[in-house]
Each structure stands twice: as C-alpha cells, then as structure tokens.
1. Mind checking the per residue accessible area of segment 250-348 for me, 1.4 Å probe, whole number of Å²?
2. Kindly identify the chain as rounded, prolate or oblate by the Cα gyration tensor criterion: order the square roots of the eigenvalues as a ≥ b ≥ c, call it rounded if a/c is under 1.5, otherwise compare a/b with b/c, prolate if a/b is larger, else oblate.
3. Evaluate the charge dipole of the chain about its Cα centre and quote only its size in Debye, nearest 20, assuming +1 on the Cβ of each Lys and Arg and -1 on the Cβ of each Asp and Glu.
4. Filter LYS183/LYS356; LYS272/LYS296; LYS166/LYS277; LYS48/LYS272; LYS296/LYS363; LYS102/LYS167 down to the pairs with a C-alpha to C-alpha distance above 19 Å, please.
5. Can you tell which of GLY325, ILE97, GLY212 lies farthest toward the positive end of the dipole of the chain, using +1 and -1 charges on the Cβ of basic and acidic side chains (Lys, Arg; Asp, Glu)?
6. Mind ranking 290-299, 162-171 by how tightly packed they are, going by the mean number of other C-beta atoms within 10 angstrom, highest first?
7. Test of understanding: in a Gaussian network model of the chain with alpha carbons linked when under 10 Å, which of THR77, THR230, THR53 would top the mean-square fluctuation ranking?
8. Leaving out ligands and nucleic acids, and using a 1.4 Å probe, what accessible area per residue does segment 13-238 come to in Å²?
Amino acid sequence: MTRIHLMWPELDKEMIEAAIQAWQNEKMVMGESVFKFEEEFARYVGVKHAISTNSGTMALSLALLGSKLKNGSKVLTTPFTFIATSNSIIHANMMPIFADIKLEDYILDPKESEKILRKEKVGGIMPVHLYGHPADMDAFMELKEKYNLVLVEDCAQAHGAEWKGKKLGSIGDFGAFSFYSAKNMTVGGDGGMVTTNDDEAAEKIRSLRDCGRKDKYTHIYVGYTARLNTANAAIGRVQLRRLDRWNERRREIADLYRRLLGDVEEIALPPKDTYGKSVYHLFVIRTKNGERDKLKKYLNDNDIEVGIHYPMANNQQPVYQELFGFRGGEFPNSEEAARNVLSLPMYPGLKDDEVKYVSEKIKEYYGR
Ligand SMILES: Cc1ncc(COP(=O)(O)O)c(C=O)c1O
C-alpha cells in the first residue's frame, strides 16, 4: 500500500479551466465570478448575504467589525481551536476570553460559558464547529438572547454541516468560513466568506473588505485590502457544486471507521450526530494519556499520515502566555484534548480499503 495521506484537496480540470477563463475574461480583482460565488454561497447556506474575503481569519474579524460591538468588547470563545479563531478577535481590536470545552465533542461548553457570562460583561460569543461537528446551537442561541450577545459561528471547518436541518452559518448573527486548501472546499488557495441576514452589517463588511469604499473614490471606513481574487472565486464556484457529494463521502468514511473501530475501547471516537449533521472535516480519535504519540509513530511507520489538531490549547501558546499571562492549566479539558487527540486520514478521495488498512493498524497497535 502506498502512503496514505491525512487530507488531499480536490482540484480537477473543470476548476483549473474556470480559473483560466476568469483570468482571461474578467477583472482580476472584483470580477463577475466573485459576485456569482457570493450569491451562490448565500443561497447554499440559506442567508441573505455572503461576502467573500481573502481568508477565514479576515472573515471572522470583519464579522465582528461589521457588528454592533465596540472597540475593546470582550468576545468569548474556546481555547481549543486553530489560533486564528481568537487572533481574529484581537485583529478586530477586541478582547478574546476563553471558556473550556466539553470533552465529548471538543466544542465550547455552554455551561462553562455561562459561568463567565454571569460574572463579566461580554459582548460577543464565537463557538467553533470544530472538525465539522455542529455546536449545540440551541444552547448558544439561548445564551445570545439571555445576555444580548453578538453570535459569530466559526464555520471554518464546517461547510455544509447542519443543526436541526439548518446550515451552519445561518443561525447566529454571522457565520465565517475558510477556503484554505485543506478545508472541505477550497478556492485553490486562501479565501473566506462571511454570511449574515443583517443588511446593514453586510454593507459595512462589503466596504471594509474593499478599502472602506463607498464608491470608487470615496472611503467611509479605515478599510482593508481583504478581497477574494476573481480566479479563486471561479474555482470556489465549481467546488461548491461538488461540496454535498464530498461531504456525503466523508460521512460514509466516518461510518466505516466507526464500524471498524467501535470495539477498540482504548480510544474515544468522534461524537455521533445528535440534532446536527457533521461534515467530518477531520475524523479525530482520543487516546488514553501517553498513548497518542506512540500510536502516531506506529501509524507513521506503517505509511499512514496522521495529524494533531491541536497539540496545544491556545492558553498554552507562547504568544498568548505573553499577551494575557496564561501559564497553562487554566482549561483542563482543552489541555487533555491537546495531549490525546489524533486525526486519522479523511478526505473524499480516500478509499474503503485505505480506511480498513488504517483501522487494522490501529487494532494491531492495541493487540487486537
Ligand atoms: C477553526 C478555524 N477558525 C479559523 C480559521 C482561519 O481560517 P484561514 O486559515 O482561512 O484564515 C481556521 C483555519 O485555518 C480554522 O480551522
């Protein structure tokens, strides 16, 4: 068996052709494909507005900057995510504060969140639909109403995932997506999208991502050069048409892993769907203490690429320790997850035989 990758982006001839067509026939920046991609993405998610950006981090920041939040507002989020989640809050001149996750699904714990909301004045909340698994949006909407919060869903890993039949990114005030190459869909490079039903915010975000323009020569905000390039949007349009099929395949792969690994009691499998529908951006297992790195090496030695998302909680990151005075130990569940999670190969092109091989090797490691 040749080496099995952890993830593998799809980029076919139709996508490359679409990019070439866009370069040859449209403006390179703010060409027609950008606006078509936005319309199609808004329709797909089920919102009034989708505004494309040059990254997912920028999409998160612009959602905050387009909201009613003021400079310096506190925004509650999880320390167990890619660091861009909380960086986006800092970039928007706001203050990230953390609450711990639930170990069952690695997602911000609404109960831990409420403990903080009772004590501190917090303006926004940013749950992350980590690994493509939906956060409990009923709980977060309840917190939003009770504490008058701006709710930004970090959907960077959850394109097409659902909560009670609604697409993620359509439930809170804003959704923010990433199209980085490793995501469930890409634009063939970096890119992002903000989704919202708020007309006023959408208008502000559209301006902010384009140098604060009102029109060509009039600037009403200190804006950013944060546009999605036209050729990338053209690739994104083709990718979006493939997304549901790819996500279905990811769900099939997840079912197969579950069937094959269900009786390995030494590992915890990802949470099952409850009221939502996961799109398995990653298939993450959790080992007992001390086992993860040994299992990782065993799989690597057998030509299987695996990943760690994430080896440190963000309160353990040097930059946040310096900025905010964290010392580690503040968020036990996040830190336990960081010690023990392991991402198995997961992408639509992965074959059943490869899933079986990975599962066999895991069983072999545990002496089954
Ligand atoms: C959960 C999460 N939030 C935010 C981001 C930031 O997206 P980008 O890399 O497109 O800036 C990413 C991905 O990279 C992510 O995984």
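1. Values: 4510 Å² over 99 residues.
So segment 250-348 comes to 46 Å² accessible per residue, rounded to a whole number.
2. oblate
3. So the magnitude is around 460 debye.
4. Result: LYS183/LYS356; LYS272/LYS296; LYS48/LYS272; LYS102/LYS167 exceed 19 Å.
5. The residue sitting farthest along the positive end of the dipole is GLY212.
6. Details: 290-299: 16.0, 162-171: 20.2.
Going from most to least packed, we get 162-171, 290-299.
7. Per the Cα network of the chain with a 10 Å cutoff, THR230 tops the list.
8. Ligands and nucleic acids excluded, the result is 40 Å² per residue.
The values are calculated or read from the model by the stated rules, or taken from the named source; none is laboratory data. The shown structure was predicted, so the numbers you read here are calculated from the model rather than taken from an experiment. No Cβ is skipped: glycine too gets one built from the backbone with ideal geometry, and neighbour counts run over all protein chains shown. These accessible areas exclude ligands, DNA and RNA; they are computed on the full protein's heavy atoms, side chains included. Shrake-Rupley method; radii C 1.70, N 1.55, O 1.52, S 1.80 Å.
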